[in-house]
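Q: One structure, as structure tokens, below. Some questions next.
The values are calculated or read from the model by the stated rules, or taken from the named source; none is laboratory data. Fair warning: this is a prediction, and the values are worked out from it, not measured in the lab. Here Cβ is always computed from backbone atoms with ideal geometry, including for glycine, and neighbour counts include all displayed protein chains.
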Amino acid sequence: MAGFFVLSGVGMGDILPFKRPSAAEKHKGKTLCRSGFHRWKVVTEKKFDVKAGKLVTHSRCDRCGKEKVEAR
């Protein structure tokens with residue numbers, strides 16, 4: 001049979017979703033971080049900077065995963 005292809009795992013009665021994600025779903029949580037409005041959470045794994053010999057605060061953004069270090 002020329003031109004006949006069988007899709008594995010898809011039956012004749014299965015309905016496939018063809019809905020495109022909306023713009024809000026597609027870019028959820030990215031626009032705030034791009035504008036500089038991160039959601040910082042303190043990471044408690046590392047509290048001391050050995051090279052500088054100071055206490056530091058390690059923070060990580062919940063949305064994008066960017067990290068920052070503050071010396072206090």
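Q: Does the range 62-71 contain any residue that is part of a loop (DSSP other than H, G, I, E, B), at pLDDT 80 or above and among the small types (Gly, Ala, Ser)?
A: yes
Yes/no per residue for (1) more than 19 Å from Val69 (Cα to Cα); (2) at pLDDT 75 or above; (3) out of contact with any helix residue (DSSP H, G or I) (no Cβ under 6 Å at 6 or more places or on another chain); (4) surrounded by 10 or more Cβ atoms within 10 Å (Cβ to Cβ):
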residue	(1), (2), (3), (4)
Ala2	yes, no, yes, no
Ile15	yes, yes, yes, no
Phe18	yes, yes, yes, no
Pro21	yes, yes, yes, no
His38	no, yes, yes, yes
